[in-house]
Amino acid sequence: MNAGASAAERAAAHGAGQRPGLWVRLLIAFGVREEPAPPEDAMPWLVGAEGEIATQELVDVLIAEGWTVFHDLGLPRSKSNVDHLLVPPSGEGLILLDSKRWWFTWITDAVRGRLYCGEEDRHYDAEKAVFLARFVRDVVGLVDLPVLPALVIHGSQVAGGHLQVAVDGWPRPLHVFGPETLLAHLRERAGTPDPRRAADLAARVTQTLHPYVEGDS
């Protein structure tokens with residue numbers, strides 16, 4: 001499944017993309033009426049889909065470099081989804097990316113160890129990424145291999161292009177990337193290629209996690 005598909009489906013459920021009636025479509029075609037804006041409650045899902053698609057366009061180039069890349073995976077017994085899950089060429093663990101699109105006029109930064117976008121505390125998004133990483137680790141059955149969560153922020157500029165914040169109960173810093181720094185950091189984690197190990201890990205992901213379907217639980 002492509003990135004953003006589940007977010008787009010949720011936007012559609014809130015009325016985004018519904019076609020207006022015939023007469024309204026004719027008025028739009030002749031310039032008498034403007035295309036109606038999506039319903040307000042659909043906008044967060046549309047914005048989320050846009051961020052996920054932007055990240056997909058970035059990380060899919062890694063496939064040619066030996067990475068396995070998954071998008072929009074559902075979690076068993078949960079309504080949550082994983083935006084992007086990457087297996088590096090080394091097969092030494094998984095990298096979980098959670099995409100966000102925040103206000104382009106605000107700066108994303110760490111303030112007293114917490115994640116902020118402008119004046120808004122967004123640390124709950126860091127905590128959610130860690131929750132998803134724990135869930136994936138348990139479902140896939142990783143014991144000796146890590147699942148490394150990270151946020152990818154579009155729109156809002158990430159201070160310095162890359163931040164690290166702490167999440168209670170998680171042993172490693174959570175990385176927060178701007179799109180301009182993401183690929184360089186991922187490539188640093190490619191490791192020594194081990195095609196068999198990477199393929200085995202990708203197969204475990206395929207067997208335990210599936211494309212997100214709205215309404216599954």
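From the list Arg172, Arg134, the one residue that fits, being over 28 Å from Ala64 (Cβ atoms) and modelled with pLDDT under 95, is Arg172.
Go through segment 141-166 residue by residue and tally those that are in contact (Cβ under 8 Å) with a residue 12 or more places away in the chain and farther than 10 Å from Leu94 by Cα. Walk me through how you get there before you give the answer.
Filtering segment 141-166 down to residues in contact (Cβ under 8 Å) with a residue 12 or more places away in the chain leaves 141-142, 145-159, 161-166.
Checking the rest, the ones that are also farther than 10 Å from Leu94 by Cα come to 141, 150-159, 161-166.
Qualifying residue count for the region: 17.
None of Asp125, Asp98, Asp121, Asp109 is touching a strand residue (DSSP E or B) at 6+ places or on another chain (Cβ under 7 Å), crowded, with 22+ Cβ neighbours inside 10 Å and acidic (Asp, Glu) except Asp98.
Does Leu115 satisfy the condition of being farther than 23 Å from Asp60 by Cα and either under 18 Å from the mean Cα position of the chain (by Cα) or buried (at least 17 other Cβ atoms within 10 Å of the Cβ) (or both)? Reasoning before the result, please.
Working: farther than 23 Å from Asp60 by Cα: yes; either under 18 Å from the mean Cα position of the chain (by Cα) or buried (at least 17 other Cβ atoms within 10 Å of the Cβ) (or both): yes.
Yes, satisfied.
Beta carbons closer than 9 Å, at least 6 apart along the sequence or on distinct chains, pair a first residue in segment 183-205 that is within 18 Å of Leu96 (Cα to Cα) and open to solvent by 100 Å² or more (accessible area, probe 1.4 Å) with a second that is outside any helix (DSSP H, G or I) and of a type outside the set (A, V, I, L, M, F, W, C) for Arg189/Pro88; Arg189/Ser90; Arg189/Glu92; Arg189/Gly93.
Name every residue in segment 117-159 that is in a strand (DSSP E or B) and either touching a Pro at 6+ places or on another chain (Cβ under 7 Å) or closer than 19 Å to Thr105 by Cα (or both), in order of residue number.
Initial filter on segment 117-159 (in a strand (DSSP E or B)): 117, 120-121, 147-154, 157-158.
Cys117, Glu120, Asp121, Leu151, Val152, Ile153, His154, Gln157, Val158, listed by residue number.
Only a single item in (1) in a helix (DSSP H, G or I); (2) of a type in the set (D, E, K, R); (3) under 22 Å from Lys79 (Cα atoms); (4) in contact (Cβ under 8 Å) with a residue 40 or more places away in the chain is not met by Lys100, and it is number (1).
When restricted to residues that are under 17 Å from Gly191 (Cα atoms) and open to solvent by less than 10 Å² (accessible area, probe 1.4 Å), segment 68-87 contains 3.
The residue that is nearest to Thr181 (Cα to Cα), counting only those in segment 48-83 that are in a loop (DSSP other than H, G, I, E, B) and small (Gly, Ala, Ser), is Gly66.
The values are calculated or read from the model by the stated rules, or taken from the named source; none is laboratory data. This structure is a prediction, so every number in the text was calculated from the model and none was measured. Reconstructed Cβ throughout: ideal geometry from the backbone, glycine too, with neighbour counts over all protein chains shown. Ligands, DNA and RNA are stripped out before the accessible areas are found, and what is left, the full protein with its side chains, is counted by its heavy atoms. Shrake-Rupley method; radii C 1.70, N 1.55, O 1.52, S 1.80 Å.
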